[in-house]
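Trainee: Following this message is one structure expressed as structure tokens.
Derivation of every value follows stated rules applied to the coordinates shown; laboratory data play no part. Everything numeric in this text was worked out from a predicted model, so none of it was measured. When we count neighbours, we look across all protein chains shown, and the Cβ atoms used for this are built from the backbone with ideal geometry, even at glycine.
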Amino acid sequence: MEIADIRKEYSLKTLEISEVNPNPIEQFKAWFEEALNSEVLEANAMNLATISKDGRPNSRIVLLKGVDTGFVFFTNYKSTKGTEIESNPYVSVTFHWAELERQVRIMGKVEKVSAEESDEYFFSRPFASQIGAWVSPQSSEIDSREFLESREKDLHAKFTPESIKRPEHWGGYRIAPEEIEFWQGRPSRLHDRITYRQDQKSIWKISRLAP
């Protein structure tokens, strides 16, 4: 099959302005719960796009770890994504739930979560993952995988589950949304797109976009 011939008709569901929650975060929670109940593979996986200092876009998959006033994820602050966020805090994330023929795009500004929030999540992780946060100089060039395995062995000898601490270079970010779009696949590529945008008074305005 030629790549250009790959296509799928979408017909599972519809999306109407009259049916969505006035608050986009609550609407997201409802869709996310449905994705979990539908056993979507890694429903919390999201494509995070950042901008480099020279204006080039960069994206990768990260995992959503909380939804409150914003969308929370955790990473190495010294990683490429961390340094790009430091220079430009505006990001975009996309969730794609193929099983439900749905997509959610979120645009907003990022800020670090509190040290207490980062500690709480860090110590909820398995010990091996805690060690991993210490092992990897994320995004730095390394000579071989043996470098990581050696560091992991040394750190297992250094730390116990009782003595380990969260590295200062590792923690959480919260995306404060300014625009959120909900996309529902429909037949003939005439998809439903409902978008929420904040006005100058931080009131959410809801509208339908052409597909």
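Trainee: Please turn the phi angles of segment 130-139 into ³J(HN,Hα) values with the Karplus equation 6.51 cos²θ - 1.76 cosθ + 1.60 (θ = phi - 60°), one per residue in order, whole Hz, x for glycine and proline.
Mentor: Once rounded to whole Hz, the list reads 4, 4, x, 5, 7, 5, 8, x, 3, 6.
Trainee: If you keep only loop residues by DSSP, which GluC sites (Glu not before Pro) in segment 7-101 have at most 13 other Cβ atoms within 10 Å of their Cβ?
Mentor: GLU9, GLU16, GLU39, GLU42
Trainee: Can you give the relative contact order of segment 1-136 as a percent, counting alpha carbon pairs under 8 Å and 6+ residues apart?
Mentor: 19 percent
Trainee: Give a quick list of chymotrypsin sites (Phe, Trp or Tyr not before Pro) in segment 61-158 that DSSP marks as loop, anything other than H, G, I, E or B, with at most 13 other Cβ atoms within 10 Å. Can you show the working numbers first?
Mentor: On the way: sites: PHE71, PHE73, PHE74, TYR77, TYR90, PHE95, TRP97, TYR121, PHE122, PHE123, PHE127, TRP134, PHE147; in loops: TYR77, PHE123.
Within segment 61-158, the qualifying chymotrypsin sites (Phe, Trp or Tyr not before Pro) (loop, at most 13 other Cβ atoms within 10 Å) are PHE123.
Trainee: Hey, can you grab everything whose amide H is under 5 Å from the amide H of GLU179? Only 5+ residues off in sequence or another chain; H modelled, so Pro and N-termini drop out.
Mentor: Amide H neighbours of GLU179, under 5 Å, 5+ apart: MET107.
Trainee: LYS53: which aspartates and glutamates have alpha carbons under 15 Å from its alpha carbon, excluding same-chain residues fewer than 8 sequence positions away?
Mentor: GLU84, GLU86
Trainee: Classify segment 1-116 as rounded, prolate or oblate from the Cα gyration tensor: take a ≥ b ≥ c as the square roots of its eigenvalues, call it rounded if a/c is under 1.5, otherwise prolate when a/b beats b/c and oblate if not.
Mentor: Cα axes put segment 1-116 in the oblate bin.
Trainee: Something else about it: How many angstrom separate the Cα center of segment 1-22 from the Cα center of segment 163-209?
Mentor: Taking the Cα centre of segment 163-209 as reference, the centre of segment 1-22 is 18 Å away.
Trainee: Moving on to the next point. Report, by chain and number, residues whose modeled amide H sits under 5 Å from the one on TRP170, excluding near sequence neighbours (fewer than 5 apart, same chain).
Mentor: TYR77
Trainee: I would also like to ask the following. Please give me, ordered by residue number, the GluC sites (Glu not before Pro) of segment 135-164 that lie in loop per DSSP and have at most 10 other Cβ atoms within 10 Å.
Mentor: Numbers: sites: GLU141, GLU146, GLU149, GLU152, GLU162; in loops: GLU141, GLU162.
For GluC sites (Glu not before Pro) across segment 135-164 that sit outside H, G, I, E and B with at most 10 neighbouring Cβ atoms in 10 Å, the list reads GLU141, GLU162.
Trainee: Would you mind checking the pairs LYS29/LYS201; LYS112/LYS165; LYS109/LYS153 and listing those with alpha carbons more than 30 angstrom apart?
Mentor: LYS109/LYS153
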